[in-house]
């Protein structure tokens, strides 16, 4: 369709713009990886060693910026992200591959869970307006989502890990345990992920819940809902298939965007629970002026978000006939 | 200072500086005499030592593991996790040795000898050492390692080839190195900070600068069993060259990315080797098990106020001397650093650990202490006049108003700087604090774009290294260019000559005399003001493992991120 084709072109242009900004922005920052290294060394590295490291890092500041940019575009196209500076000389791709599954797993799953739960509760809360669910849950969950995350995570560790001992206090699986595809390892992963997942879900349900509830209230006043009631359809069927399906449409775009941002990890979660994900890697890369790693992670996030927006647009076109073109007025 | 990687004493450490091995120790006999290695054994009679146990190291690295065990990795984020665990150097030098304790202990070498005029250095290798793949360690491995470092300068993190001219094998078990003049203080760079690798493996890796060592083959007490970004598991090396050692079976080294989770684990588990900054350590850690839990924070290097000597009126010596009297170092230590970091001495000599280098009579003759009245009178004598606002002015009417830069992320540094600036304001010197990001701070400090700055340089096993870093004109650069460590831009032919003289002699009496003269430079010219002594973090419990280094028995630097001292500690720990 013409709409989708237009979206694709827009996608490619935005991607190129993002790549270009991704290249130039870190290089505009003051300092540089060599200066950062020098401060850490505090004078215990010879100037010759520093120079060789500069060359090895590829931070050759004498080379023309435009030539570097062309080189960068070519490397990206071939999937070559180079060697990390802060984890020198491990290839960036390798570092990313180690952190990616944990971020996708924890943040991806919790995003889906919090969206599903928030939408469901919002739907029910709007249907039974003034009822118990509507009076208690939205305000409570919205307040909880305003808690400072770091504090909330530490409280949960204090209560459930240090206090009751139900869950481990950090890491993705038991220390020293071999990484294997086995039930016991899966059990470990789930046990370790329970507390971080809980804290992330609880603090993000509030947003989904509110928007869904408000959309539902607007949808419930539509004529076709009244028609469905008059027809005598069961309340459950009306709530889910008639009102809910239409009310959730605006949220789909938001959901797709947040899926895209899953790859930026959850920095605070990873710090509090020592979870080996992408968020902390990104933070480290920025602090250590590790251009290759920074660029690779920014690229991942950008592509993911752009792809997510594209998917959201496609989904909207598929789900909502009103967006398809001029036939419907 | 053993680990130059860790910037000691700040609550939020940016990264591990590469482990800086202690610099040359004062040889307590004449240079050309033979030195025999004394194997370090803890003073424990080995009566039925229990074997086994899993030790966990709890220290906040601020980074996840990259699982690259190459000992030549530039330590941007963390120390190579193979130093001391898997790879070992020729010698271990104990900077904390008390009188009567061995200072140097042979590891892969059993003895060394200086040639005439300290122009050659001959090591005799230890027989019977095997790599973890079964091959024997030979002199060829040592020669290969040094020559490989020479060929690829990026590997020379210790700076060994700044003083070496050649390394060659002699006979079957000796390695002869020829050196440039004045190389005696560089002994630790060569013997302790250069880790030996196997020729039969590293000769086939292509470019060692970019080689990722995933399955390291070393001579050390443990083998790498498993590495993930969140944890490294080491297991006992059954063929280690010290028979019977190590006693422990397993070591877990998790990658904690921030302090609170690490402190939580440390406060709960009794079998941990802690290297943590802990606020309120008495109530949070010690009180939970006071009979068995201890902590010891040995000094590492000073945290100083750097003064930009090229800017008037800071170039006036009297002003700098007055500033020393104005600062209440005890209060800075107590409030800024929880009392963990003791006040520093103006000589820059760490006390009490370097007491044998300290010229007390000289320091007392200057009489620096906290005395705001003396500071004010010194300023008045120097010709500054106090304005109506309470701030002193120069003769031209310019107020003594300066800015002090500090890294914003280091909360303890910021606290210290606040107290220093308050103290200076009380005596009529106005100081404004600029808390900058790490990069902006570095850029300004290195290029000399500041009035005052809070920072520190690395040290070594004698005060020589820290003071040379601070004062030698070879370590500085003109304003606008990047200086290595002498950021205050101190230049004096006198100081340079003293450091060279120190480096050229092995006579310990002469060295002490020269050190006294260097201390005089610090006392007289006040190029920087040492305020508190940065420390190494160390906590331990005797409930599960015993054999730790203690202030009474400091057989090694106890911090778990200090190599190769951790090698010695691993070999001495055992179950209770």
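The values are calculated or read from the model by the stated rules, or taken from the named source; none is laboratory data. Remember, it's a predicted structure, so these values are computed and weren't measured experimentally. Note that we place each Cβ from the backbone using ideal geometry, even for glycine, and neighbour counts take in every protein chain shown.
Before moving on, here are some points about what is shown:
- Failed condition for residue A:281, given (1) modelled with pLDDT of 85 or more; (2) more than 10 Å from every other protein chain (Cβ to nearest Cβ): (2)
- Some residue of segment A:182-194 being assigned to a loop (DSSP other than H, G, I, E, B) and in the same structural domain as residue A:250 (by TED's automatic domain parsing): yes
- From the list B:147, B:94, the one residue that fits, being assigned by TED's automatic domain parsing to the domain that holds residue B:234 and over 27 Å from residue B:557 (Cα atoms), is B:147.
- Residue pairs whose Cβ atoms lie under 8 Å apart, sitting 6 or more positions apart in sequence or on different chains, and linking a residue in segment A:150-172 that is more than 12 Å from chain B (Cβ to nearest Cβ) to a partner that is at pLDDT below 85, do not occur here.
- Filter result for the condition that a residue is surrounded by fewer than 20 Cβ atoms within 10 Å (Cβ to Cβ), modelled with pLDDT of 90 or more and either over 30 Å from residue B:439 (Cα atoms) or not assigned by TED's automatic domain parsing to the domain that holds residue B:449 (or both), over B:396, B:371: B:371
- Helices (runs of 4 or more DSSP H) contained entirely in segment B:107-225, each with at least 3 residues that are farther than 24 Å from residue A:90 by Cα: B:139-151, B:187-191
- With respect to (1) within 25 Å of residue A:269 (Cα to Cα); (2) modelled with pLDDT of 90 or more; (3) out of contact with any strand residue (DSSP E or B) (no Cβ under 9 Å at 6 or more places or on another chain), the lone exception for residue B:279 is condition (2).
- Residue match in segment B:180-202 (condition: more than 30 Å from residue B:411 (Cα to Cα), within 14 Å of chain A (Cβ to nearest Cβ), over 25 Å from the mean Cα position of the chain (by Cα) and surrounded by fewer than 18 Cβ atoms within 10 Å (Cβ to Cβ)): no
- The selection criterion, being under 27 Å from residue A:99 (Cα atoms) and in a helix (DSSP H, G or I), holds for residue A:286.
- Some residue of segment A:18-25 being within 14 Å of chain B (Cβ to nearest Cβ), at pLDDT below 85 and either in contact with a helix residue (DSSP H, G or I) (Cβ under 6 Å, 6 or more places away or on another chain) or closer than 30 Å to residue B:473 by Cβ (or both): no
- Residue within segment B:237-255 that is in a helix (DSSP H, G or I) and either surrounded by 23 or more Cβ atoms within 10 Å (Cβ to Cβ) or in the same structural domain as residue B:136 (by TED's automatic domain parsing) (or both) present: no
- Residues located in segment B:144-160, provided they are buried (at least 20 other Cβ atoms within 10 Å of the Cβ) and modelled with pLDDT of 90 or more: B:144, B:145, B:146, B:149
- Condition broken by residue B:60, with the remaining ones in (1) away from every other protein chain (no Cβ under 14 Å); (2) within 27 Å of residue B:299 (Cα to Cα); (3) at pLDDT 65 or above satisfied: (1)
- For residue B:176, the stated conditions do not hold, so it cannot be described as within 14 Å of chain A (Cβ to nearest Cβ), modelled with pLDDT of 90 or more, surrounded by fewer than 23 Cβ atoms within 10 Å (Cβ to Cβ) and out of contact with any helix residue (DSSP H, G or I) (no Cβ under 8 Å at 6 or more places or on another chain).
- Within segment B:246-270, the residues that satisfy the criterion of being within 10 Å of chain A (Cβ to nearest Cβ), touching a residue at least 40 places away in the same chain (Cβ under 8 Å) and under 18 Å from residue B:295 (Cβ atoms) are B:256, B:259, B:262, B:265.
- Residues that are in contact with a helix residue (DSSP H, G or I) (Cβ under 7 Å, 6 or more places away or on another chain), modelled with pLDDT of 85 or more and at the interface with another protein chain (Cβ under 7 Å from one of its Cβ atoms), drawn from segment A:88-102: A:95, A:99
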